[in-house]
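Here is the structure we will look at, set down as structure tokens.
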Amino acid sequence: MSEVTSKERLGPENTVAVIIAPPLTESFELSVARAVDLKRLDENIQVLVCSGAVSGCVSNIFQVQSICKHCIHVRQEALGNYFSSEECITLDDYYDSSTIEPMLNDHTVRQVAEKSAHSTLLTFYRVGLERLEGKGLRAKLYGQALNNLAAYSEYIYHCLNSYQKSQGIKRIEFFNGRLIPTSSARQLAENTKIPYTVIEVSGQHKTLFLAEGSAVHELDFQKQSLATYTGSDRFDEALGRRFFEFRRLGKSTNTKSYTDRQRLGLLGHLVDKRIFAIYLNSLDEFEFLGEQWFTPASRDPAAFILELRDLMDEEYAVVVRMHPNQAGDRTGVTSDLIERLSNQRGIELVLPLGRVSTYELLDMAFCNLSFGTTVGVEATYWGKNSLLAGHAVWEEAGVAVNVRTPQDIIDYLQFTRKPLDQLNAVKVGAYFMDKQQASSSLGWGEGNQYGFLIDGVSYLSCKRKSLFYVLNRLIDKFLKYFL
């Protein structure tokens with residue numbers, strides 16, 4: 001397939017522009033499938049691609065040119081099956097240095113680029129800015145990755161800005177909108193008032209999930225989506241109950257299970273105690289979602305728990321179950337929390353990889369407190385009292401009592417309470433499991449194939465047909481597990 005290399009070959013106005021995600025990522029198939037769907041709906045499509053003139057995306061954070069070349073090969077292999085050359089636009093052709101100078105005084109472009117670069121590192125490698133401090137190999141490599149990501153993000157912003165000035169874009173669509181480089185696309189769309197749609201997946205079968213004019217991970221958007229679903233006739237009770245049954249069994253639902261290493265029978269010493277159970281979540285994962293997801297309690301759960309323990313009567317046994325995924329946190333937040341809660345009188349701390357069963361603890365506890373983890377919904381489903389001290393998609397769904405201070409909990413415990421309505425929890429479970437939008441082309445794991453598919457075709461083998469793909473994976477693993 002030959003790619004468009006000049007502006008003269010652009011299609012007519014009022015196009016829907018779809019930014020194709022980096023070909024060596026899973027999101028590549030998502031963005032291509034969305035563009036295929038739109039084309040089948042008779043939309044005038046232009047798919048926007050990068051030719052590696054400036055590198056530094058999430059597939060190539062250290063700017064290895066051979067990786068860029070392999071990305072282009074994979075992209076051409078795939079796009080040629082669905083789009084004409086006139087529909088494929090190379091963004092690099094729109095880099096115009098004359099349009100950049102007036103923007104140099106607008107620091108927001110750089111600020112957004114740096115923020116999204118931080119978010120990208122936090123998402124993929126679970127490291128914070130403290131890893132950039134010092135002069136060692138760790139600081140040097142992560143610092144270089146951060147700079148490359150931010151520079152690439154700025155570059156894409158300027159290319160998109162020149163592109164949209166030459167076109168009558170009806171709408172622009174892109175994956176996620178929070179990571180590099182599509183955070184730039186969202187910024188551009190908002191700056192220029194172009195309607196935009198963010199592409200994601202959700203549900204048990206990883207079907208399309210679209211957010212029009214909003215980031216998919218915005219708390220208010222997620223809450224509204226849940227309210228719309230539960231208030232519609234799409235609610236599937238059997239699917240909702242499956243969510244809770246599967247999670248207790250350690251099976252995958254809308255996400256993987258983290259309880260496969262846990263064991264029953266490790267709480268016998270508490271069998272005669274009045275257990276108040278607390279469930280933590282991975283703070284670093286909420287960090288990259290933004291401050292909107294935090295309450296003062298969930299921002300500093302250790303301080304909240306210590307104050308609560310001081311206010312509680314001695315009859316209560318407080319058991320804090322850390323989330324298994326906190327074991328992968330390399331920001332320092334989790335280690336600090338462990339240090340503050342360990343060896344505290346009246347508090348039993350279960351470490352992330354501790355064998356204590358989350359569900360045995362839930363069953364034995366008379367009351368359960370969460371900071372946003374889905375255990376808060378599960379408690380209500382299994383007939384237990386549930387309190388929520390953080391923010392969550394389901395905080396207004398009638399599945400937990402919202403508390404903001406330790407005193408709120410003490411006041412709650414003064415009276416005998418009945419668990420909230422189980423059916424509300426079932427509705428939330430169905431929302432997590434159900435498909436949100438239909439796609440004529442996107443599939444997941446069909447025909448015993450792994451990963452996302454476009455019209456039943458997997459491009460994973462094409463991605464793997466290169467030593468540079470292997471190199472890219474090795475770099476990724478080194479950053480995640482060894483640096």
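The values are calculated or read from the model by the stated rules, or taken from the named source; none is laboratory data. Please read these numbers as outputs of a predicted model, since none were measured by experiment. Here the Cβ positions follow ideal geometry from the backbone for every residue, glycine too, while neighbour counts run over all protein chains shown. Remember, those area values only see protein heavy atoms, side chains included, never the ligands or the DNA or RNA. Shrake-Rupley method; radii C 1.70, N 1.55, O 1.52, S 1.80 Å.
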**Fill in**
Ignoring ligands and nucleic acids, Arg261 exposes an accessible area, probe 1.4 Å, in Å² to the nearest 10, of 110
**Request:** Quick one: order Arg75, Arg247 from most to least accessible surface, probe 1.4 Å.
**Result:** Arg247, Arg75
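If packing is taken as the average count of other Cβ atoms within 10 Å, what order do 197-204, 30-37 fall into, highest mean first?
On the way: 197-204: 22.1, 30-37: 24.2.
Answer by packing, highest mean first, reads 30-37, 197-204.
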**Request:** Taking only the C-alpha atoms, wrap a convex hull around the stretch 226-269 and report its volume per residue in Å³ as a whole number.
**Result:** 110
**Message:** At R0 = 51 Å, how high is the FRET efficiency between Leu137 and Lys193 if r is their beta carbon distance? Nearest 0.05 is fine.
**Reply:** 0.70
**Item:** In Hz, Karplus ³J(HN,Hα) per residue of the stretch 282-294 (6.51, -1.76, 1.60; θ = phi - 60°; x = Gly, Pro)
**Value:** 6, 4, 5, 6, 6, 4, 6, 7, x, 4, 4, 8, 10
**Angle in degrees between helix 237-248 and the longest Cα principal axis of the chain, rounded to the nearest 10** = 70
**Request:** Place +1 on the Cβ of every Lys and Arg and -1 on the Cβ of every Asp and Glu in the stretch 340-483, take the dipole about the Cα centre, and give the residue among Trp382, Gln437, Ile475 whose Cα lies farthest towards its positive end.
**Result:** Ile475
**Request:** At 1.4 Å probe size, with no ligands or nucleic acids counted, give the accessible surface of Phe415 in Å², nearest ten.
**Result:** 140
**Acute angle (nearest 10 degrees) that the helix 467-477 long axis makes with the longest principal axis of the chain, alpha-carbon atoms** = 30
**Request:** Tell me the label-point distance for the pair Val271, Thr416, using the 7 Å Cα-to-Cβ offset, in nm and rounded to one decimal.
**Result:** 2.5
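Considering only the stretch 155-312, what is the antiparallel percent among its DSSP beta bridges, to the nearest 5?
That works out to approximately 60 percent antiparallel.
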**Request:** Give me the percent of Cα-Cα pairs in the stretch 226-375 that sit more than 21 Å apart, rounded to a whole number.
**Result:** 49
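Could you do me a favour and compute the accessible area per residue for the chain, 1.4 Å probe, result in Å²?
Values: 21310 Å² over 483 residues.
So the chain comes to 44 Å² accessible per residue, rounded to a whole number.
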**Fill in**
For Val318, other-chain or 5+-apart residues with amide H closer than 5 Å (H placed, Pro excluded) are Phe276, Glu348
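Structure shown: which of Lys135/Lys477; Lys193/Lys223; Lys39/Lys223; Lys165/Lys465 lie over 26 Å apart, alpha-carbon to alpha-carbon? Before the final figure, lay out each step's value.
Numbers: Lys135/Lys477 22 Å; Lys193/Lys223 24 Å; Lys39/Lys223 30 Å; Lys165/Lys465 38 Å.
Table pairs above 26 Å Cα-Cα are Lys39/Lys223; Lys165/Lys465.
Based only on Cα atoms, what Rg/Rh ratio does the stretch 339-386 have, Rh being taken as Kirkwood's radius?
Details: Rg = 11.8 Å, Rh = 11.9 Å.
Reported Rg/Rh, Kirkwood definition of Rh: 0.99.
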**Interchain or long-range residues, amide H under 5 Å from Phe209's placed H** = Glu200, Val201, Ser202
**Message:** What is the ratio of the Cα radius of gyration of the stretch 366-461 to 2.2 N^0.38 Å, with N the residue count, to two decimals?
**Reply:** 1.53
**Request:** Name the residue farthest towards the positive end of the dipole of the chain from the options Ile72, Leu41, Ala227, assuming +1 on Cβ of Lys and Arg, -1 on Cβ of Asp and Glu, about the Cα centre.
**Result:** Ile72
**Prompt:** How high is the relative contact order of the chain, given as a whole-number percent (alpha carbon pairs under 8 Å, six or more residues apart)?
**Reply:** 17
**Asked** Using modelled backbone amide H atoms (1.01 Å from N, in-plane), which distant-in-sequence or interchain residues come within less than 5 Å of Val356's amide H?
**Response** Arg263
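In what order, largest first, do Trp394, Trp382 sit by accessible area if the probe radius is 1.4 Å? List each step's numbers first, then the result.
Details: Trp394 5, Trp382 75 Å².
Per-residue accessible area, sorted high to low, gives Trp382, Trp394.
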**Message:** Assuming 0.36 nm per residue, please report the length gained on full extension of the stretch Asp236 to Arg473 beyond their Cα-Cα distance.
**Reply:** 81.4 nm
**Item:** Area accessible to solvent at Met322, 1.4 Å probe radius, in Å²
**Value:** 0
**Item:** Environment charge at Lys206 (Cβ cut-off 14 Å; Lys +1, Arg +1, Asp -1, Glu -1)
**Value:** -2
**Request:** Can you tell me the relative contact order of the stretch 365-473? Whole percent, Cα pairs under 8 Å, sequence separation 6 or more.
**Result:** 18
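Ordering His118, His107 by how much accessible area each has at a 1.4 Å probe, largest first, what is the list?
Working: His118 65, His107 120 Å².
Output order, biggest surface exposure first: His107, His118.
May I ask for the Rg/Rh ratio of the chain, computed from Cα atoms with Rh as the Kirkwood radius, given to two decimals? Intermediate values should be presented prior to the final figure.
On the way: Rg = 24.2 Å, Rh = 24.2 Å.
My calculation of the ratio gives 1.00.
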**Asked** Where nothing but the Cβ of Lys and Arg (+1) and of Asp and Glu (-1) is charged, how large is the charge dipole of the stretch 36-83 around its Cα centre, in debye to the nearest 20?
**Response** 160
**Message:** Given a Förster distance of 25 Å, report the FRET efficiency between Ser66 and Thr255 from their Cβ-Cβ distance, rounded to the nearest 0.05.
**Reply:** 0.15
**Request:** Starting from the eigenvalues of the Cα gyration tensor, five times each then square-rooted, give me the equivalent ellipsoid semi-axes of the stretch 292-386, largest first, whole Å.
**Result:** 20, 17, 14
**Request:** Pop out the carbon and sulfur fraction of the accessible area of the chain as a percent, whole number, probe 1.4 Å.
**Result:** 50
**Asked** Using the Kirkwood radius built from alpha carbon pairs, what does the Stokes-Einstein equation give as D for the stretch 105-227 at 37 °C and 0.692 mPa s, in µm² per second?
**Response** 209
**Label point distance in nm, Glu86-Asp42, each placed 7 Å from Cα along Cα→Cβ** = 1.8
